[in-house]
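First up is the structure itself, then whatever we jot down about it.
The values are calculated or read from the model by the stated rules, or taken from the named source; none is laboratory data. Please read these numbers as outputs of a predicted model, since none were measured by experiment. No Cβ is skipped: glycine too gets one built from the backbone with ideal geometry, and neighbour counts run over all protein chains shown. Quick note on the areas: whole protein, heavy atoms, side chains included, nothing else; ligands and nucleic acids left out. Shrake-Rupley method; radii C 1.70, N 1.55, O 1.52, S 1.80 Å.
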Amino acid sequence: MWVRVLGSAAGGGYPQWNCACPVCHAVRDNSRPARSRTQSSIAVSPDHRQWFLLNASPDVHAQIESFSALRPGGAPDGPGSAPDADDSESRTVPIRAVLLSDAELDHTLGLLLLREGRGLEVHATAAAHDMLCDGTSLLRTLEAYCPVSWVRVVPGRDTPLGDGLSYRAFDVPTTKRPRFESANGNGNGEGRVVGYRLTDVRTGGALVYLPVVQELSAPVHRGLAGCACLLIDGPCWQDDELIRLGASGKTAREMGHLPISGPGGSLEQLSPLPTDRKIYIHINNTNPILLEDAPERRVLEQHGLEVAVDGLELQI
Ligand code: MLT
Ligand code: MN
Ligand code: ZN
């Protein structure tokens, strides 16, 4: 399975348009080593020909252009490069479907930017689908432009994905109440956020994509068990990072995200896991791990944790 990190920042990107925090400031004026980042999303493929997007970020247009394998006409520089005869039509792209982890704007606004397509296959739980129809109304708007085929994601169920992959979503419980609560949304929040475990059916190698997680509870740990690579939510270094900066009145946990440092933080919990690659993604612009010379970055390296950057490619 091929994996390409299209974007590695949390909502707002890095730098964020309205933010003058020290971390945003450093990348704008080049005073510290840091790379700007688009909003989080990855592309996966069993063969470098058919691709699946995990979430559709508001930066999807630039992300597609930044990766030749996703452009119309196929992948001239990828393995198995020549496009198929039936792929040669001028508006056919190798993107087969979009899998959604939740209905947050930074993970779904990009769907609207794909409206010129002939149609879109969207995999989402019933809870996320409700939110997109009756909460943000994003799917209703999209359907006015192109047919949308919804594939219902049922956590725990193995589902074939294209020719050579399969996925199993797992529920990621959260206490965060969505801003766009749909009228008929379910009360207990089940399926509001899921992680995806993607498996290459030939090799058995598995990737877990978990861009939102509030707590690494036992069911979430079961979702990760035995995977070769984990791409996981790394929003803030400290739980009260946004409060300290005066950017928000809420902690990371209150916003539905597990901070990296501190007691019970993700670093403490992920360090002992035997997973080959443990990589932070969905990184907020205030997080000092974005600065390559930051002491926090050294701490991660010492614990075997990595920081995703746009364009990172993995083979699993
Ligand atoms: C989140 O990760 O909590 C959301 O993306 C926040 C937002 O987009 O406002
Ligand atoms: Mn987000
Ligand atoms: Zn900032």
* Name every residue in segment 233-266 that is closer than 19 Å to Cys24 by Cα, in contact with a strand residue (DSSP E or B) (Cβ under 8 Å, 6 or more places away or on another chain) and small (Gly, Ala, Ser), in order of residue number. => Gly234
* **Tabulated pairs, segment 125-154, first assigned to a helix (DSSP H, G or I) and open to solvent by less than 30 Å² (accessible area, probe 1.4 Å), second among the aromatic types (Phe, Trp, Tyr) and at pLDDT below 95, C-beta under 8 angstrom, 6+ apart or interchain** => Met131/Phe180; Gly135/Phe180
* Collect the residues in segment 23-35 that are surrounded by fewer than 24 Cβ atoms within 10 Å (Cβ to Cβ) and in contact (Cβ under 8 Å) with a residue 60 or more places away in the chain, keeping them in residue-number order. => Cys24, Ala26, Val27, Arg32, Pro33, Ala34, Arg35
* Does Phe52 qualify as being closer than 20 Å to Arg118 by Cβ and either modelled with pLDDT of 95 or more or within 16 Å of ligand 1 (Cβ to nearest atom) (or both)? -> yes
* Evaluate the following for Ser57: is it surrounded by 19 or more Cβ atoms within 10 Å (Cβ to Cβ), under 20 Å from Val193 (Cα atoms) and at pLDDT 95 or above? => yes
* Of the residues that sit in segment 209-230 and are more than 24 Å from Pro263 (Cβ to Cβ) and either more than 16 Å from ligand 1 (Cβ to nearest atom) or among the hydrophobic types (A, V, I, L, M, F, W, C) (or both), which one is surrounded by the fewest Cβ atoms within 10 Å (Cβ to Cβ)? -> Gly226
* Please determine, by comparing only the residues of segment 251-296 that are among the polar types (S, T, N, Q), away from ligand 3 (no atom under 16 Å from the Cβ) and open to solvent by 10 Å² or more (accessible area, probe 1.4 Å), which one is nearest to Thr175 (Cα to Cα). => Thr251
* among the charged types (D, E, K, R) and either within 16 Å of ligand 3 (Cβ to nearest atom) or assigned to a strand (DSSP E or B) (or both), is that true of Arg197? -> yes
* To do: Give just the number: which of (1) closer than 25 Å to Leu230 by Cβ; (2) open to solvent by 10 Å² or more (accessible area, probe 1.4 Å) does Gly191 not satisfy?
  => (2)
* Inter-residue pairs, beta-carbon under 8 Å, first open to solvent by less than 10 Å² (accessible area, probe 1.4 Å) and in segment 38-50, second of a type in the set (Gly, Ala, Ser) and assigned to a strand (DSSP E or B), 6+ apart -> Ser40/Gly7; Ser40/Ala9; Ser41/Gly7
